[in-house]
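Step one of this worksheet: look at the structure below.
Read-outs throughout are calculated quantities, based only on the coordinates presented, and are distinct from any laboratory measurement. This one's a predicted model, so the numbers in the text were calculated from it and none came from an experiment. We place every Cβ from the backbone using ideal geometry, glycine too, and count neighbours over all the protein chains shown.
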């Protein structure tokens, strides 16, 4: 009997299948390293193939259909999110929101059972939770009857108001095009607002998204929380300030004092 | 070939980075750091003449170096606090440490009585909800910090200026927090043992220790040998890392003081 990523109960894979699995993972890693988020024909086709593979392997960090979510929340498979090991992540996110935006408005994308809301407590102005699964929303409503929740697909949902903080708590890697989604939600950030994203460290998809975020946004806090052999990175980031091309040019050409001698 | 020629030949031949790494001062610093870590690894908080000898040596060395993770800097701390260099941990990474501690209190002991040893300016209290704690007592040896903390005190909280090593609280607590404070004490394990008597049955210690300090790491190892950890977490940012542990003393805490 062997331990493996596929669980204890399944019989160990044959050598050929093991090799195939390793090859697939390598191929997947190569995609996320080289082509993820690209717009070339190669990137798109490779991305489609990787998505098909992930669906076939039932990867835990890839997009999955609504029916799966409904079924899992229906039988409370995500109950362990309320356990001690996930607590730190929630407290860090909630604490940062409470500190940076006292009485601010929060949009929790992929809220699940709205565990974050119980950590936020009374330090919060307006809270809206969005989740794909109706079963999750039902559970969230049972927890917090007064809060507002919306059943919607985060990839097409557009909120009608602006928010101070938009939270993607372990959710970005479930979106088919995470960066496009982020860009769309950017327009719903209030002035001075920011995103908080928590990403599981072991997932190569999550790491690729993190790299993309680092390139596209101005990240003002990056934390890592590790407990029970798992670790999550929590990023707080906002849109980059617009580049003042004219001002930079003027400074370059006409400033009295050069910055530093070469 | 003369010695000087040999030297110059070696110098000419080796890359600058290697030469820099082999510089006598570098080597000495490395040796000292290694010895320091080894002393902590093998002799910290242990009995015996050798351990006592090395303990004296190390604390003298730490005093000379003015290390910030060692005891004996009370005057410096007083001065710094008066000059308000420790006014607010605006750093978000510091803040996350406080959030995690507050989260533990809320999750494990909602409505707890909390003793915060080495509370500083009472920043932890600010992270607590109304529902999190029913009573909060904060002590610190620094008068200035306590004065500032008292400005924020409300009806459920109390701040006092006292030394952790001989403070005698009235009543028991569900949670005793040592937030970045244990490694600054002369005799941390004895202090922890002493505070057990003011822990309610089933109460917990929450300790935070700086991950990049050799002393804090050695101390944490010793603590984990003596107490069972309910939960432990590492919070890290680019600059810092902290271990936050929730400890129970088994049934030792239930004994009467």
Practice task
Please tell me if residue A:132 is within 14 Å of chain B (Cβ to nearest Cβ), touching a strand residue (DSSP E or B) at 6+ places or on another chain (Cβ under 8 Å) and on the phi < 0 side of the Ramachandran plot.
Solution key: no
Fill in the blank from the handout: Taking the range A:36-48 and keeping only residues that are surrounded by fewer than 13 Cβ atoms within 10 Å (Cβ to Cβ) and over 15 Å from residue A:180 (Cα atoms), one is left with A:40, A:41, A:42, A:45, A:48
Exercise for the section: Please determine, by comparing only the residues of the range B:184-235 that are within 14 Å of chain A (Cβ to nearest Cβ) and more than 13 Å from the chain's Cα centre (by Cα), which one is nearest to residue B:166 (Cα to Cα). Expected result: B:204
Problem - Sole residue being over 24 Å from residue A:242 (Cα atoms) and under 14 Å from the mean Cα position of the chain (by Cα), chosen from A:171, A:167, A:183 - result: A:171
Fill in the blank from the handout: Of the residues in the range A:91-107, those that are touching a strand residue (DSSP E or B) at 6+ places or on another chain (Cβ under 8 Å) and either surrounded by fewer than 24 Cβ atoms within 10 Å (Cβ to Cβ) or facing chain B (nearest Cβ under 7 Å) (or both) come to A:92, A:96, A:100, A:101, A:104, A:105
Fill in the blank from the handout: For helices (runs of 4 or more DSSP H) lying entirely in the range A:166-262, having 1 or more residues that are more than 14 Å from chain B (Cβ to nearest Cβ) and crowded, with 16+ Cβ neighbours inside 10 Å picks out A:178-186, A:204-216
Practice task
Return the total of residues in the range B:118-140 being part of a strand (DSSP E or B) and within 14 Å of chain A (Cβ to nearest Cβ).
Solution key: 1
